[in-house]
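Worksheet for the structure shown next.
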Ligand code: PA5
């Protein structure tokens, strides 16, 4: 069972011949990616990652996860952006968006270091009180401020709790194989380390140790996740647009973008997909938003957001299209029972499953939205298994790279992310930024 792209709700927005003219552009983007001759070609390690990964490290990840599951009540994952979103999205997708409150035999997992909020960090420290704690500090560069601050605070807490030697057994660092502050600190302190490969950028790194250790700690099957991704690697290796749903999605995005649809909304009907929406937003936003180009990635969860954003999507500015992710099988099912009094008037739903009702909600919505001028592409996924998630991650990563090349941007860099950091460091008085400080402070004066 594999992921499919359904295009029937694009009728009237995209003509069949547009696919014919997009085919050579897709083929060119495919060649750039697969021959490594495109821009950003030093960051394409993720293309073959599902089959070409470090098996010895993979075994170490599983062994570390097994130890953590045994000796830990609270597992704190520290990281931001690509060093955070994939792991959290996968845990919520595979386990639950209520994972920490579920009855389970795996540790609670908290994600921190993804903001500079003292409240958020203090709350996690409170959650750790009286519990056995382990932490995974994740930073490819090893220098990112947000996680570095959280790591300093949590390390201090662990050393107080277990002593230096005890803490060492509970601190795991995922970073560059040899350089960066974090790698040096981990080596000096004797923490176990895992590697973010040089040729895999943050937002493409969920299938490396960055995502795999936290996902394994949640009890999910990372072998099945990689097997799903490997299936997708094989399935989407075909440059022919007609038979490659991943490339069809990349092409559809570009066709709609060129028609003035500047916003893509990723739609799901499952709350456990909300963090996948966030992961997807980073993947596409950071990959395409540059050189004054790029679709703005937005997201909603329906039917929840039909009661908030639904009005705008139906009748607001006609600058958007939707990509809806649907699942053939829900994780759990509930059927509607019989009420002899029918006081709530719901007996017309008697015997129906909620999955059926959810599908009708989608059908009603997609017809209303296309009538309202919002094109809809549908990504159909078999189920909520690790295998399907592995496929879906690879599907989006590859579509993103091909779409970026079609758009004429480097889908693997993020030069714009540095701008705020330079200002923040200057304002904080970081050594080396002295020259900018006065000028920035003058601009902030009221
Ligand atoms: O995709 C990216 O490159 C970014 O989102 C990074 O993952 C993020 O800035 C965190 O960087 P690092 O892992 O170096 O701490």
Practice task
Determine whether residue 300 is closer than 25 Å to residue 385 by Cα, without any contact (Cβ under 8 Å) to a residue 40 or more places away in the chain and either in contact with a helix residue (DSSP H, G or I) (Cβ under 8 Å, 6 or more places away or on another chain) or surrounded by 21 or more Cβ atoms within 10 Å (Cβ to Cβ) (or both).
Solution key: yes
Exercise for the section: Report yes if some residue within segment 216-239 is within 13 Å of the ligand (Cβ to nearest atom) and assigned to a helix (DSSP H, G or I); otherwise report no. Expected result: no
Exercise for the section: Tally the residues that are farther than 18 Å from residue 275 by Cβ and either in contact (Cβ under 8 Å) with a residue 60 or more places away in the chain or within 16 Å of the ligand (Cβ to nearest atom) (or both), restricting the search to segment 108-134. Expected result: 4
Exercise for the section: Inspect all residues belonging to segment 397-414 and state whether any of them is closer than 30 Å to residue 200 by Cα, modelled with pLDDT under 95 and exposed (fewer than 12 other Cβ atoms within 10 Å of the Cβ). Expected result: no
Problem - Residue tally, condition within 16 Å of the ligand (Cβ to nearest atom) and on the phi < 0 side of the Ramachandran plot, over segment 80-107 - result: 10
Practice task
Just give me the residues in segment 179-207 being within 15 Å of the ligand (Cβ to nearest atom), at pLDDT 95 or above, in a loop (DSSP other than H, G, I, E, B) and out of contact with any strand residue (DSSP E or B) (no Cβ under 7 Å at 6 or more places or on another chain), in sequence order.
Solution key: 197, 198, 199, 200, 201, 205, 206, 207
Problem - Set 392, 367, 346: member being more than 27 Å from the chain's Cα centre (by Cα), away from the ligand (no atom under 16 Å from the Cβ) and surrounded by 13 or more Cβ atoms within 10 Å (Cβ to Cβ) - result: 346
Practice task
Evaluate the following for residue 77: is it part of a strand (DSSP E or B) and either under 30 Å from residue 413 (Cα atoms) or free of Cβ contacts under 8 Å to residues at least 12 places away in the same chain (or both)?
Solution key: yes
Exercise for the section: Report whether or not residue 86 is free of Cβ contacts under 8 Å to residues at least 40 places away in the same chain and either in contact with a helix residue (DSSP H, G or I) (Cβ under 6 Å, 6 or more places away or on another chain) or in a helix (DSSP H, G or I) (or both). Expected result: no
Practice task
Answer yes or no as to whether residue 172 is within 16 Å of the ligand (Cβ to nearest atom), within 23 Å of residue 62 (Cβ to Cβ) and not in a loop (DSSP other than H, G, I, E, B).
Solution key: yes
Handout entry: Failed item, numbered, when residue 140 is tested on (1) buried (at least 19 other Cβ atoms within 10 Å of the Cβ); (2) outside any loop (DSSP other than H, G, I, E, B); (3) within 16 Å of the ligand (Cβ to nearest atom)
Key = (2)
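The values are calculated or read from the model by the stated rules, or taken from the named source; none is laboratory data. Note that this is a predicted model, so its numbers are computed, not measured. Note that we place each Cβ from the backbone using ideal geometry, even for glycine, and neighbour counts take in every protein chain shown.
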